[in-house]
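Step one of this worksheet: look at the structure below.
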Number of protein chains: 2
Amino acid sequence: MTAAAEPVRPVRLLLADDEHLIRGALAALLALEDDLLVVAEAASGPEALAMARAHEPDVAVLDLQMPGADGVRVATSLRAELPGCRVLIVTGHGRPGHLKRALEAGVRGFVPKTVSAQRLAEIIRTVHAGNRYVDPELAADAISSGDSPLTAREAEVLELAADGAPVVEIAERAALSQGTVRNYLSSAVSKLGVENRHAAVRLARERGWV
Amino acid sequence: MTAAAEPVRPVRLLLADDEHLIRGALAALLALEDDLLVVAEAASGPEALAMARAHEPDVAVLDLQMPGADGVRVATSLRAELPGCRVLIVTGHGRPGHLKRALEAGVRGFVPKTVSAQRLAEIIRTVHAGNRYVDPELAADAISSGDSPLTAREAEVLELAADGAPVVEIAERAALSQGTVRNYLSSAVSKLGVENRHAAVRLARERGWV
DNA sequence: ATCCTCCCCTGACATTTGTCATGCCGACCG
DNA sequence: CGGTCGGCATGACAAATGTCAGGGGAGGAT
């Protein structure tokens with residue numbers, strides 16, 4: 001484990017996760033790999049962004065759920081500001097919609113936290129080399145969930161219905177008649193094959209369609 | 001860091017978390033402490049129970065959300081089978097109700113994953129010494145959220161309503177008239193000060209009242 | 001013992017939500 | 001050009017949900 005014999009420049013990493021315990025542990029484990037170097041850590045979305053600007057890492061390893069701005073949002077900003085920085089998203093419970101949003105934001109890797117640290121190190125190298133990596137199981141979920149069958153208005157109305165607001169309020173906010181709102185809701189419910197609008201909201205959220 | 005000079009018997013730990021990445025990292029970090037020894041790991045509730053029976057650890061460090069049986073359920077079983085084994089629950093997003101259930105199950109410690117590894121090691125020692133430790137912020141949340149204002153039946157009906165089932169079905173499963181079911185739902189809604197039953201379900205879940 | 005309060009339960013009524021038949025408009029195709 | 005299809009929009013009707021007034025019983029307080 002010497003330096004002179006290894007002229008390779010290490011991969012510089014940014015680690016962002018709001019759970020100190022995990023972030024610290026992860027940093028310790030990744031530090032064991034000779035070719036990886038953690039140059040910055042962050043506990044929130046905005047902090048991750050600031051750290052990235054300051055340290056210009058090669059790869060940013062971001063947790064999906066963080067206070068301030070989630071991993072995907074950070075990735076979007078990073079894409080614009082630091083095009084050379086690859087983004088790898090790590091997540092606890094991977095919902096199909098997140099993966100889709102993430103890929104659209106230019107994220108290069110997407111893995112659940114169930115992988116081992118060694119595997120993660122490999123994936124970091126893969127991503128750094130310019131390749132993509134998404135967890136096969138999450139990918140399968142995303143593909144099977146497919147594209148949204150909802151029309152623009154249906155999605156809009158469903159979103160307004162998300163917090164349990166009554167139809168009158170939705171109608172007002174969407175500048176529609178109550179009947180029309182019910183119609184879109186009903187249509188969404190039948191397209192999604194669920195019992196009522198609340199289940200529809202849940203499903204659409206899971207699939208990332210709202 | 002030698003052995004002969006330190007005759008203390010290390011604290012034997014069981015680590016249970018379904019996220020391999022985190023569990024592995026945690027094990028590595030805790031291994032750095034001379035007086036802590038990870039003797040078993042598990043990725044699910046039942047597995048944690050089996051491991052505990054086999055290795056009889058001094059302290060079980062359990063994640064709250066695991067497949068099979070959650071941390072609190074495991075703690076309950078452990079309490080009966082291995083009274084000498086202290087339980088410490090570690091959780092990502094600490095909802096007030098969980099803490100209450102955990103303490104009732106005889107858990108000795110309850111901390112969020114935002115603590116540092118060093119702090120966790122200290123807390124493990126605290127718990128092993130027979131003392132209790134709960135994260136101050138979580139404790140404050142739990143106290144401020146208070147006890148459930150719902151009666152037994154109200155909670156029961158609300159739980160049956162949780163997956164969006166229609167009233168008729170709830171009435172059937174609870175062996176009540178539809179009117180009664182509506183009544184309990186309505187009562188719960190007004191007690192919780194929310195708009196409709198779905199919001200009530202969400203709130204009650206958050207507070208741990210169902 | 002009697003009152004009072006709280007919980008459990010019910011049916012009738014008003015409101016909200018879900019479903020249906022229908023019309024309008026723009027896009028695409030023959 | 002005329003026809004057809006899918007998205008947008010509406011109101012009338014049926015079904016589910018929420019609200020109300022009230023009756024019966026258990027347990028604690030006076």
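The values are calculated or read from the model by the stated rules, or taken from the named source; none is laboratory data. Since this is a predicted model, take the numbers as computed values, not measurements. So basically every Cβ, Gly included, is an ideal-geometry build from the backbone, and we count neighbours across all protein chains shown. The protein model used for the area step is the full one, side chains on, heavy atoms only, and it has no ligands, DNA or RNA in it. Shrake-Rupley method; radii C 1.70, N 1.55, O 1.52, S 1.80 Å.
Structural remarks
- Selection from the range A:167-187 of residues that are within 11 Å of DNA strand D (Cβ to nearest atom), in a helix (DSSP H, G or I) and surrounded by fewer than 13 Cβ atoms within 10 Å (Cβ to Cβ): A:G179
- Residue pairs meeting the criteria (Cβ under 7 Å; at least 6 apart or on separate chains; first at the interface with another protein chain (Cβ under 9 Å from one of its Cβ atoms), in the range B:11-27; second β-branched (V, I, T) and part of a helix (DSSP H, G or I)): B:I22/A:I22; B:A25/A:I22
- Taking the criterion of being small (G, A, S), more than 19 Å from A:E81 (Cβ to Cβ) and in contact (Cβ under 8 Å) with a residue 12 or more places away in the chain, the only residue of the range A:31-57 that qualifies is A:A43.
- Close pairs (7 angstrom Cβ cut-off, 6 or more residues apart or separate chains): in a helix (DSSP H, G or I) in the range A:112-135, at pLDDT below 90 and not aliphatic (A, V, I, L, M) anywhere: A:A117/B:G24
- When residues in the range A:158-193 are screened for being within 10 Å of chain B (Cβ to nearest Cβ) and either more than 10 Å from DNA strand C (Cβ to nearest atom) or touching a residue at least 40 places away in the same chain (Cβ under 8 Å) (or both), 1 of them pass.
- Scanning the range A:100-111 for residues that are open to solvent by less than 10 Å² (accessible area, probe 1.4 Å) and outside any helix (DSSP H, G or I) returns A:V107, A:G109, A:F110, A:V111.
- Hey, A:A129 of a type outside the set (S, T, N, Q), under 30 Å from A:S187 (Cα atoms) and away from chain B (no Cβ under 14 Å) or not: no
- From A:R125, A:R202, residue being within 14 Å of DNA strand C (Cβ to nearest atom), of a type in the set (K, R) and either crowded, with 16+ Cβ neighbours inside 10 Å or under 24 Å from the mean Cα position of the chain (by Cα) (or both): A:R202
- The set of residues in the range B:136-155 being over 21 Å from B:Q65 (Cβ atoms) and either open to solvent by less than 70 Å² (accessible area, probe 1.4 Å) or in a strand (DSSP E or B) (or both) consists of B:A140, B:G146, B:S148, B:P149, B:L150, B:T151, B:E154, B:A155.
- Scan of the range A:29-44 for residues that are within 12 Å of chain B (Cβ to nearest Cβ), over 20 Å from the mean Cα position of the chain (by Cα) and open to solvent by less than 40 Å² (accessible area, probe 1.4 Å), ordered by number: A:L29, A:L30
- For the range A:89-96, the condition holds for at least one residue, the condition being that it is open to solvent by 40 Å² or more (accessible area, probe 1.4 Å) and on the phi < 0 side of the Ramachandran plot.
- Residue in the range B:156-166 that is nearest to B:R119 (Cα to Cα), counting only those that are assigned to a helix (DSSP H, G or I) and open to solvent by 20 Å² or more (accessible area, probe 1.4 Å): B:E159
- Single unsatisfied condition, B:C85 versus (1) away from chain A (no Cβ under 14 Å); (2) more than 18 Å from the chain's Cα centre (by Cα); (3) among the hydrophobic types (A, V, I, L, M, F, W, C): (2)
- Residue within the range A:106-115 that is over 11 Å from the mean Cα position of the chain (by Cα), closer than 24 Å to A:R12 by Cα, within 13 Å of chain B (Cβ to nearest Cβ) and not β-branched (V, I, T) present: yes
- Within the range A:191-205, the residues that satisfy the criterion of being away from DNA strand D (no atom under 12 Å from the Cβ) and either over 24 Å from B:A162 (Cβ atoms) or part of a helix (DSSP H, G or I) (or both) are A:L192, A:A200, A:V201, A:R202, A:L203, A:A204, A:R205.
- Here B:A75 does not qualify as open to solvent by 10 Å² or more (accessible area, probe 1.4 Å) and part of a helix (DSSP H, G or I).
- A:D18 vs. criteria under 25 Å from A:R205 (Cβ atoms), assigned to a loop (DSSP other than H, G, I, E, B) and of a type outside the set (A, V, I, L, M, F, W, C): yes
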